[in-house]
Amino acid sequence: MPAKSLVDLMARRSGHFRFESGHHGDRWLEPDLLLQRPTALRPFAIALAQRLQRGPRFEVVCGPLSGGAFLAQMVAEQCDVAFAFAERFAPPPSDALYQVRYRIPAALRDGLRGATVAIVNDVTNAGSAVRGTYADLVSCGARPVAFATLIALGHSTDEIRDFYLRSGAEMFHKARLWERFRTKFESDKLTQMLRDAIGGDTTLGSDKLHTLLMMVLRNATTDSPWPLTNNPAAKYNDLTLPGCNLKLPVWQLVRASTAAPTYFPPEVIHIDHDFIFVDGGVTMYNNPAFQLGAPPSSANNSLKR
């Protein structure tokens, strides 16, 4: 999407803002202003529909009210499929994250059972509206298969791709000959890149993380899988307790997740005392997305300590 043109249709402000998700940021866009000019918005909706049609087939397009739903209706019309929307329900003010809920109207719920759905939103930052819409679609028995948004705030796909293309050779810097009996690559340059890109002081509980994050590591010291998440309600994320996971540096957790056996050396992380961590791909939780869909008793950071 030509994001610059879209941003021009909205009132962009700078300052300190608290988003619907509960996260904080320094940029604010008024996506509802897009709806004032349907003629200007329509070409973007058509382009978004064309991109969606290149992916998995879907029977319904669903969007969260307000702007996401109006855009979703345009996309559904272009794709010649059914349309649905999710209404916003806000609880009493709270400092907790992701408290706003979205619900599909009762009249539409039965028709979504078993249907494949594409979720469409106007502007996505921390993903609160998309997350809420997805959760209620699943509770309806629908099968979300695609997601599209006009603007996604954060690093662009091109920036991330360029970072890896530019830095790949340096990341995979071969270990010295006598060290290759243990690992193929040394970790010093990778470690510095992660610290520079993520920030040496960015912790798992930092406001710099505008979305929920989950990583799975293997604690080689205790021989146990460690699913780590920044969900403030997760087990071992109580800031009043020693060894709280939210205090761990993100760069170090990412570095530990690169420690695939024979490729990179393990990472030592201090949590009350030193633990040796390696890539969680060697555990039974090789797929973190699947782990997030597991029952709460297993997905809520069930670690052995």
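Quick rundown of the values:
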quantity: Strands (runs of 3 or more DSSP E) contained entirely in the range 24-89, each with at least 2 residues that are at pLDDT 90 or above and closer than 17 Å to V138 by Cα; calculated: 60-64, 82-89
quantity: Among (1) farther than 26 Å from P227 by Cβ; (2) open to solvent by 30 Å² or more (accessible area, probe 1.4 Å) - the single one A152 does not satisfy; calculated: (1)
quantity: Scan of the range 124-168 for residues that are modelled with pLDDT under 80 and not in a helix (DSSP H, G or I), ordered by number; calculated: T124, N125, A126, G127, I151, A152, L153, G154, H155, S156
quantity: Every residue from the range 98-110 that is at pLDDT below 90 and open to solvent by 40 Å² or more (accessible area, probe 1.4 Å); calculated: Q99, R101
quantity: Cβ-Cβ under 7 Å pairs, at least 6 apart or on other chains, the range 182-202 side part of a helix (DSSP H, G or I), far side open to solvent by 20 Å² or more (accessible area, probe 1.4 Å) and not hydrophobic (A, V, I, L, M, F, W, C); calculated: K189/E170; K189/H173; L190/T258
quantity: Residues within the range 222-276 that are open to solvent by 30 Å² or more (accessible area, probe 1.4 Å) and not polar (S, T, N, Q), tallied; calculated: 23
quantity: Subset of the range 155-190 [hydroxyl-bearing (S, T, Y) and either under 30 Å from V75 (Cβ atoms) or surrounded by 14 or more Cβ atoms within 10 Å (Cβ to Cβ) (or both)]; calculated: S156, T157, S167, T183, S187
quantity: Qualifying position, being open to solvent by less than 70 Å² (accessible area, probe 1.4 Å), within 18 Å of the chain's Cα centre (by Cα), among the small types (G, A, S) and closer than 30 Å to G55 by Cα, among A129, A197; calculated: A129
quantity: From the options P225, P242, P265, P261, residue that is in contact (Cβ under 8 Å) with a residue 60 or more places away in the chain and part of a loop (DSSP other than H, G, I, E, B); calculated: P265
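Rundown of residues vs (1) under 22 Å from the mean Cα position of the chain (by Cα); (2) surrounded by fewer than 15 Cβ atoms within 10 Å (Cβ to Cβ); (3) touching a residue at least 60 places away in the same chain (Cβ under 8 Å); (4) under 11 Å from L150 (Cα atoms), yes/no style:
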{"site": "T39", "(1), (2), (3), (4)": "no, yes, no, no"}
{"site": "Q53", "(1), (2), (3), (4)": "no, no, no, no"}
{"site": "V60", "(1), (2), (3), (4)": "no, no, yes, no"}
{"site": "G63", "(1), (2), (3), (4)": "yes, no, yes, no"}
{"site": "G68", "(1), (2), (3), (4)": "yes, no, yes, yes"}
{"site": "E77", "(1), (2), (3), (4)": "no, no, no, no"}
{"site": "R88", "(1), (2), (3), (4)": "yes, no, no, no"}
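The values are calculated or read from the model by the stated rules, or taken from the named source; none is laboratory data. Just so you know, these numbers come straight off a predicted model, no measurement behind them. Note that we place each Cβ from the backbone using ideal geometry, even for glycine, and neighbour counts take in every protein chain shown. Accessible surface areas use protein heavy atoms only, side chains included; no ligands, DNA or RNA. Shrake-Rupley method; radii C 1.70, N 1.55, O 1.52, S 1.80 Å.
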